[in-house]
Amino acid sequence: MVGISAAGQVDTSGHIFHATGLLPGWAGVPLKREVEAHFGRPTAVLSDGHAAALGEAWYGAGRGRSSVLCLTVGTGVGGGMVVDGEVYRGAWGAAGIVGHTQVVRDGLPCTCGGQGCLESYVSGPALVREYNARVAGQPALTDGRAVVERARAGDPAAREALAAIGAWLGFGLASLLGALNPEVVVIGGGVSQAGDMLLESARESLRTYGFPTVKETPILPAVLGPQAGLVGAAVLAHQQKTR
Ligand SMILES: [Zn+2]
């Protein structure tokens with residue numbers, strides 16, 4: 001049995017049915033079929049956001065919880081929801097596109113071609129934009145990790161920038177949690193390395209904007225790091241094998 005965590009969106013038959021311009025030619029690849037033909041073994045394929053959620057729900061920060069909403073905040077914002085140990089893919093695999101939840105009508109342009117998506121306010125590039133706006137006149141940074149490092153070293157502008165995108169994260173979660181009501185939220189991805197410098201403002205924002213019955217939902221840091229997707233792919237392979 002082979003398990004794969006793939007970039008792009010994967011439909012329920014293991015086809016890549018959507019990929020951004022970052023991966024030219026990836027959309028349309030029948031990944032499950034091709035890997036099965038090559039290795040001669042049954043293959044389970046998940047999109048990376050779904051796989052990371054499954055990994056964190058089984059062996060990471062969501063372990064033991066009945067339902068987990070996982071967001072990965074990095075270059076973009078990915079996501080997935082796990083209920084009773086199973087990832088929820090939606091009718092054809094498109095569930096979990098939380099990064100493209102609309103948070104501002106006609107807002108900032110997004111990599112998807114839309115405007116006002118959560119990803120435009122919460123991702124690594126958003127963190128860089130928030131930081132550079134606060135230190136005008138200094139050489140601009142281009143990498144979100146550098147902003148996180150400066151925040152750790154005590155740079156007030158870097159800490160403010162993290163708090164700013166954390167507030168947007170909490171605002172986006174306020175909508176998502178009303179629709180989904182997970183037991184916990186897990187935040188992974190490169191930007192989540194900032195820990196409470198990001199998550200405290202997200203919690204505060206959720207308390208401000210969230211519906212009373214969901215606004216105290218715990219927001220936890222992911223624990224599996226970049227391995228979450230691989231762990232999730234292994235979990236899915238095991239689940240399909242034992243069915
Ligand atoms: Zn978008």
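Computed from the coordinates by the stated procedures, all read-outs in this text should not be read as laboratory data. Because the structure is predicted, anything quoted here is derived from the model rather than measured. Every residue, glycine among them, receives a Cβ derived from its backbone with ideal geometry; neighbour counts consider all protein chains shown.
Numbers below:
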| item | result |
| --- | --- |
| Sequence-distant residues sharing a close amide H with Ala44 (under 5 Å, placed H) | Val2, Gly3, Ile4 |
| Inter-probe distance in nm under a simple model that places probes 7 Å from Cα toward Cβ, at Asp106 and Tyr209 | 1.9 nm |
| Cut-off 14 Å between beta-carbons: net charge of the residues surrounding Thr20, Lys and Arg +1, Asp and Glu -1 | -2 |
| Helix 124-134 vs. the chain, principal-axis angle (Cα, 0 to 90°, nearest 10) | 10 degrees |
| Ellipsoid equivalent to the chain - semi-axes via the Cα gyration tensor, in Å | 31, 20, 16 |
| Computed [θ] at 222 nm, deg cm²/dmol, the chain (DSSP H ≥ 4; -39,500 (n - 2.57); rounded to nearest 500) | -12500 deg cm²/dmol |
| Per-residue HN-Hα couplings for the stretch 171-180 [Karplus 6.51, -1.76, 1.60; θ = phi - 60°; Hz; x = Gly/Pro] | 5, x, 5, 4, 6, 4, 6, x, 7, 10 |
| Efficiency of FRET between Glu183 and Trp92 - r from beta-carbon atoms, R0 30 angstrom, step 0.05 | 0.70 |
| Built amide H within the under 5 Å cut-off of Ala27, gap 5+ | Ala19 |
| Built amide H within the under 5 Å cut-off of Val10, gap 5+ | Phe17, Ser47 |
| Karplus-derived 3J(HN,Hα), 6.51/-1.76/1.60, for each residue of the stretch 190-201, Hz, glycine and proline x | x, 5, 5, 4, 6, x, 5, 4, 9, 6, 4, 6 |
| Vicinal HN-Hα couplings computed from phi for the stretch 232-243 (Karplus, 6.51 cos²θ - 1.76 cosθ + 1.60; Hz; Gly/Pro x) | x, 5, 5, 4, 4, 4, 5, 4, 6, 5, 8, 8 |
| Neighbourhood charge, 14 Å Cβ-Cβ cut-off, centred on Ile97 and excluding it, Lys, Arg +1 and Asp, Glu -1 | -2 |
